[in-house]
1. Against the 2.2 N^0.38 Å scaling, with N counting residues, where does segment 248-334 land? I'd like the Cα-based Rg ratio to two decimal places.
2. Based solely on its DSSP helices, what 222 nm [θ] is calculated for the chain when runs of n ≥ 4 H residues each add -39,500 (n - 2.57) and the sum is averaged over all residues, nearest 500 deg cm²/dmol?
3. With +1 assigned to the C-beta of every Lys and Arg and -1 to the C-beta of every Asp and Glu, and no other charges, what is the dipole magnitude of the chain about the Cα centre in debye, to the nearest 20?
4. Using bins 20 angstrom wide from zero, how does P(r) for the chain break down, in % of all Cα pairs?
5. What are the equivalent ellipsoid semi-axes of segment 8-101, built from the alpha-carbon gyration tensor (square roots of five times its eigenvalues), in whole angstrom, biggest first?
6. When CYS141, CYS322 are ordered from fewest to most other Cβ atoms inside 10 Å of their Cβ, what list results?
7. When the dipole is taken about the Cα centre of segment 24-88, and only Lys, Arg (+1) and Asp, Glu (-1) are charged at their Cβ, what size is it in debye, to the nearest 20?
8. What ranking do 223-230, 126-133 get when scored by the average of other Cβ atoms within 10 Å per residue, highest first?
Amino acid sequence: MPVSLPGWEQLVGWQGRAPELPDWPLLNWPAQPAVQRWRRHIPQWVEDTLLRLPRSHQLKLLYLSARYPQMLELLEKMPVLAWRIAASGMDEQTLRTLFPKPRTFINASVGWPAERAALRFLQRLRLRRMDEEMIAQVETCLNEPNTLHRSVELPRINSMALTLAANFPDLVATPLHHSLARQPCRPEQCRQMHALIEDALKLAKWLDKDITPIQNARFLVEIEDLYSQWLAEAMEKGINWTRKNTDLAKIGETPSDWHQLSERELDESIAVSAHAFFIEHSEGARLFRHAQHPIVVALMPDGTLVARTSHNRLPTPEQQACIALFKAKLMQTNG
């Protein structure tokens with residue numbers, strides 16, 4: 001049935017009890033006539049900013065931005081903090097007493113550090129799109145003092161710089177971190193960067209290598225070169241992979257386009273993927289390879305997957321769908 005929602009021009013200066021707003025991402029909906037009419041009075045920069053934030057609490061954030069000038073200013077200067085306030089569920093009375101306070105106090109009200117460094121961190125964020133995972137990365141950085149204070153040395157914090165800071169505290173403020181902060185980035189680049197650095201650090205630990213070369217690297221290609229060198233060194237030395245025999249009777253039938261790798265095929269899978277699958281294998285993973293495509297998958301004991309194609313790359317979205325189907329069939333087969 002038809003639903004009536006107040007538009008931007010009605011929300012500005014709203015008096016009385018707050019309207020009941022559903023948690024609908026109306027700004028992300030198709031541009032149908034009714035939706036278009038509702039959106040047309042929203043300032044373009046407000047709509048653009050909201051579209052960069054997570055879809056949840058969208059209407060609540062829109063209402064608060066129209067209702068309170070302080071919230072509108074936060075949306076412009078520190079949109080992540082504005083979204084966090086909308087997500088906190090604070091009532092109107094609390095908000096009215098909160099907004100005149102210093103921003104460090106506002107930061108503390110949502111569980112973030114009451115420090116100017118935290119505000120500088122939020123102001124330096126330059127994220128094209130933010131989802132719940134990226135908000136969690138922001139919180140990780142804010143709540144780790146060393147990461148927070150060293151990250152604000154960067155002129156800006158894009159998604160790659162944020163991902164590195166949240167996941168690899170030993171690499172914060174390194175030449176690589178500064179380099180990533182200056183580069184344009186896309187979500188797929190972030191995922192590939194995260195996987196590469198994680199792989200390099202795991203291999204360094206396996207080989208008992210000093211990670212200083214990683215900390216001194218300026219570009220991801222240098223990390224790739226280090227990883228390739230270390231992998232070649234491991235293979236040349238014939239390191240004991242701590243192989244584990246697999247009881248085929250307990251595996252069941254796998255989908256026909258995948259086959260489980262034997263001990264003899266472990267080295268071949270490493271050569272095909274350029275990934276140190278001996279690390280996952282030593283942790284009890286079962287390794288599978290696609291019959292036609294150069295995809296190798298390690299199914300970890302906890303059910304998570306580590307998948308790589310050639311040159312140690314993450315699978316494409318199409319390949320990820322193929323892997324997800326494989327996992328579903330495998331889990332169904334093994335009950």
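Read the figures in this text as sums done on the coordinates, not as results from a lab. Computed from a prediction, not measured in an experiment: that's the story for all the values here. No Cβ is skipped: glycine too gets one built from the backbone with ideal geometry, and neighbour counts run over all protein chains shown.
1. Ratio of Cα Rg to 2.2 N^0.38 Å: 0.99.
2. Counting only the DSSP helices, I get -15500 deg cm²/dmol.
3. The dipole of the chain has a size of about 1200 debye.
4. Calculated P(r), rounded to whole percents: 26, 44, 27, 3.
5. Listed largest to smallest, the semi-axes of segment 8-101 are 21, 15, 12 Å.
6. Fewest-to-most Cβ neighbours within 10 Å comes out as CYS322, CYS141.
7. With only Lys, Arg, Asp and Glu charged at Cβ, the dipole is about 160 debye.
8. 223-230, 126-133
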